Amino acid sequence: MKAGYRKAIVNTNAEIASNIFEIKLSYPKDENFQGQPGQFYMLKAWEALDPFLPRPLSISNIVGDTITFLYEVKGRGTQFISKLHPGHTLELLGPLGNGFDLNIEGNIAIISGGIGIAPMIYLMKSLNKKVDFYCGFRDEAYYIDEIKGYVDSVFVSTENGSLGHKGFITDIFTPEKYDVIFTCGPLAMMEKVWSMCKGKKVYMSMENRMACGIGACLGCTIKTRYGIKRVCKEGPVFSGEEVFFYD
Amino acid sequence: MIETKVNICEVEFKNPVIAASGTFGFGREYSEYFPLSRLGGISTKGLTLEKREGNEGIRIYETTGGLLNSIGLQNPGIEGFIREELPFLEKQDTVIIANVGGSTIEDYVKAVEKLNETSIDMIELNISCPNVKEGGMAFGIKAETAFEVVSQVRKACKKPLIVKLSPNAENIVNMAKSCVMAGADALSLVNTFSAMAIDIKSRKPVFDNIIAGLSGPCIKPIALRMVYEVSRAVDVPIVGIGGITNYKDAIEFIMAGAWAIQVGSGNFINPNISIEIIEGIEKFMLDEGIKNLEEIRGII
Ligand SMILES: Cc1cc2nc3c(=O)[nH]c(=O)nc-3n(C[C@H](O)[C@H](O)[C@H](O)COP(=O)(O)OP(=O)(O)OC[C@H]3O[C@@H](n4cnc5c(N)ncnc54)[C@H](O)[C@@H]3O)c2cc1C
Ligand SMILES: Cc1cc2nc3c(=O)[nH]c(=O)nc-3n(C[C@H](O)[C@H](O)[C@H](O)COP(=O)(O)O)c2cc1C
Ligand code: FES
């Protein structure tokens with residue numbers, strides 16, 4: 001049997017860029033977190049029934065007995081989480097979803113937009129292959145130093161030009177060099193990546209509003225080439241050809 | 001010793017806690033968290049005669065103390081259910097209730113006829129779906145329309161028949177009486193409340209259908225009042241539903257007159273919530289010296 005929601009303790013919870021937080025958690029007992037890159041957990045930082053639903057966050061890294069999530073404060077739920085101090089507890093359910101396919105060959109590029117960078121550290125680490133990393137941000141770049149430890153080349157873009165290329169990350173992405181592409185970020189960005197990479201293998205991590213997170217409520221479905229799929233169960237990682245089909 | 005068994009229409013439930021339709025799929029996902037045999041019963045995702053893909057656009061939207069949903073009865077159809085889901089459910093040693101939705105009386109009757117030949121224990125008729133033939137009016141709003149559909153289904157149905165009431169009924173007590181007169185063996189209530197939300201930035205409704213269904217703790221006091229009123233007005237067993245997230249909520253519904261209860265949205269915040277509710281009820285019975293839930297059923 002799988003465990004339900006379990007309490008974890010906050011080790012650190014720091015604002016690493018404006019509105020972007022990195023939280024590290026451990027279980028109270030000597031237990032390790034499970035999970036593959038691309039999988040996610042549902043988090044509750046509240047005991048009462050308001051907010052009502054748990055919030056999905058991708059695994060950002062697992063090192064020893066510690067799990068890291070990287071999150072952007074959007075609304076009430078993430079605001080609650082951002083207010084937690086070391087020693088506070090929260091509850092989490094997971095790992096959930098399918099995760100990235102790690103069994104791949106060829107030249108690899110990772111492309112992230114904004115907070116879509118969250119699952120990519122763990123992915124790079126787990127691939128353990130030569131990878132080029134492209135990350136785009138709106139105004140402020142973050143996590144660049146963490147990434148540098150794992151990859152051969154990092155390409156950065158910011159829309160305001162504060163770091164790297166001024167503009168979109170897809171402006172400087174050179175698809176011809178790669179066979180496999182992993183991407184996470186705004187849907188419009190991922191669609192652009194897909195359109196640049198026709199014929200290549202594109203894996204993308206999708207988001208949708210979730211209630212149960214385990215495949216029961218059918219609240220998080222998307223239409224794909226192969227029928228209706230649950231982002232929390234058959235996803236969140238889908239291949240580009242599944243998601244971008246036009247009839 | 002305490003006794004948590006409940007007998008509803010000659011069907012024996014181990015305990016009064018049933019998973020509510022649409023919040024529990026066909027049990028598979030939750031079976032990874034606990035043995036489904038611990039539950040009193042399971043009401044399946046709403047089944048329609050033909051397979052349905054469900055609604056487009058946003059399907060769930062959180063609100064204070066609950067959520068709005070517009071899933072749109074995505075389901076594999078009666079035959080898909082019988083072929084792909086029922087064999088799994090049959091093995092779970094819990095009461096299986098097939099929740100049936102539809103748009104026309106003919107569809108309801110045909111769906112029920114197909115289920116007659118299966119091992120399911122009971123049918124729960126969901127009469128809050130839009131009735132296309134009646135010009136968009138829901139069967140669950142007017143007592144006369146409900147009487148018609150329940151009577152027709154009753155004639156065709158060989159299983160014990162629970163009718164699931166909509167809280168959007170014009171008058172919930174008249175609706176309940178009408179369904180019982182038409183042959184309902186039991187009633188379950190409530191389904192979701194008609195509700196809506198607006199995205200003020202885009203100046204558009206959140207849901208493509210504009211109107212969605214509200215559930216969760218925010219509806220509990222109203223659902224409880226409806227169970228109370230209905231249980232005093234009719235003589236059939238009542239299954240209470242609406243915002244139940246702990247054993248205290250469940251006991252309230254039982255005291256208001258419910259024989260059993262269903263847990264819906266609560267499953268989303270904790271997959272083991274039903275087990276915690278069952279254990280909470282048992283502990284409450286021990287602490288309060290209650291041997292059988294009949295002692296407190298409808299004491300208000
Ligand atoms: C599989 C998956 C992985 C994710 N991983 C990360 C991550 O690693 N880091 C990160 O910052 N964000 C991630 N997100 C997005 C994150 O879940 C939302 O930003 C967050 O739920 C917003 O909650 P809130 O209470 O702050 O905002 P509110 O707007 O107040 O939330 C209201 C409701 O809408 C839902 N919601 C709002 N925006 C989104 C969204 N973009 N995606 C899904 N649900 C949403 C919330 O879960 C909640 O139920 C992920 C989403 C999914 C589906
Ligand atoms: C996502 C979702 C899907 C639902 N689907 C159905 C359904 O298919 N058939 C049905 O009779 N009720 C359906 N319901 C209603 C529930 O069974 C229940 O009556 C309602 O949610 C109130 O209970 P709650 O407050 O405990 O959730 C659904 C509710 C939700 C939240
Ligand atoms: S969130 Fe419930 S099915 Fe995906």
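Looking across region B:55-71, the residues that are open to solvent by 30 Å² or more (accessible area, probe 1.4 Å), of a type outside the set (D, E, K, R) and either farther than 27 Å from B:Lys220 by Cα or within 16 Å of ligand 3 (Cβ to nearest atom) (or both) come down to B:Asn55, B:Gly57, B:Ile58, B:Tyr61, B:Asn69.
Looking at the structure I just gave you, is B:Leu125 within 14 Å of chain A (Cβ to nearest Cβ), open to solvent by less than 20 Å² (accessible area, probe 1.4 Å) and on the phi < 0 side of the Ramachandran plot? Criteria not met by B:Leu125.
Looking at B:Thr94, B:Thr64, B:Thr44, B:Thr118, just one residue is modelled with pLDDT of 95 or more, β-branched (Val, Ile, Thr) and closer than 30 Å to A:Gly75 by Cα, and that residue is B:Thr64. Residues in region B:201-224 that are away from chain A (no Cβ under 14 Å) and free of Cβ contacts under 8 Å to residues at least 12 places away in the same chain: B:Ser202, B:Arg203, B:Lys204, B:Pro205. Counting only strands (runs of 3 or more DSSP E) wholly contained in region A:1-102, the ones carrying 1 or more residues that are outside the structural domain of A:Gly113 (by TED's automatic domain parsing) and open to solvent by 40 Å² or more (accessible area, probe 1.4 Å) occupy A:6-17, A:20-26, A:55-58, A:61-63, A:66-72, A:89-96.
The listed residues are B:Ile241, B:Ile222, B:Ile299, and the only one of them that is within 15 Å of ligand 2 (Cβ to nearest atom), among the aliphatic types (A, V, I, L, M), surrounded by fewer than 22 Cβ atoms within 10 Å (Cβ to Cβ) and modelled with pLDDT of 95 or more turns out to be B:Ile222. Listed by first and then second residue, the pairs linking a residue in region A:163-184 that is of a type in the set (Ser, Thr, Tyr) to a residue that is surrounded by fewer than 16 Cβ atoms within 10 Å (Cβ to Cβ) and not in a helix (DSSP H, G or I), with Cβ atoms under 6 Å apart and 6 or more places separating them unless they lie on different chains, are A:Tyr178/A:Asn107. Exactly one residue among B:Lys45, B:Lys51 is within 14 Å of another protein chain (Cβ to nearest Cβ) and closer than 22 Å to B:Ile244 by Cα, and that residue is B:Lys45.
Working carefully through the options A:Ile228, A:Ile214, A:Ile181, find the one that is facing chain B (nearest Cβ under 10 Å) and buried (at least 21 other Cβ atoms within 10 Å of the Cβ). Unique residue meeting the criteria: A:Ile214.
Restrict the check to region B:2-17 and report whether at least one residue is open to solvent by less than 40 Å² (accessible area, probe 1.4 Å), touching a Gly at 6+ places or on another chain (Cβ under 8 Å) and within 14 Å of another protein chain (Cβ to nearest Cβ). The answer is no; no qualifying residue exists. The set of residues in region A:188-211 that are open to solvent by 20 Å² or more (accessible area, probe 1.4 Å) and within 14 Å of chain B (Cβ to nearest Cβ) comprises A:Glu207, A:Asn208, A:Arg209, A:Met210.
The values are calculated or read from the model by the stated rules, or taken from the named source; none is laboratory data. Note that the coordinates shown come from a computational prediction; the quantities given were computed from them, not determined experimentally. Quick reminder, even Gly has a Cβ in these numbers, built from the backbone with ideal geometry, and neighbours come from all protein chains shown. Only protein heavy atoms, including side chains, enter the accessible area calculation; ligands, DNA and RNA are left aside. Shrake-Rupley method; radii C 1.70, N 1.55, O 1.52, S 1.80 Å.
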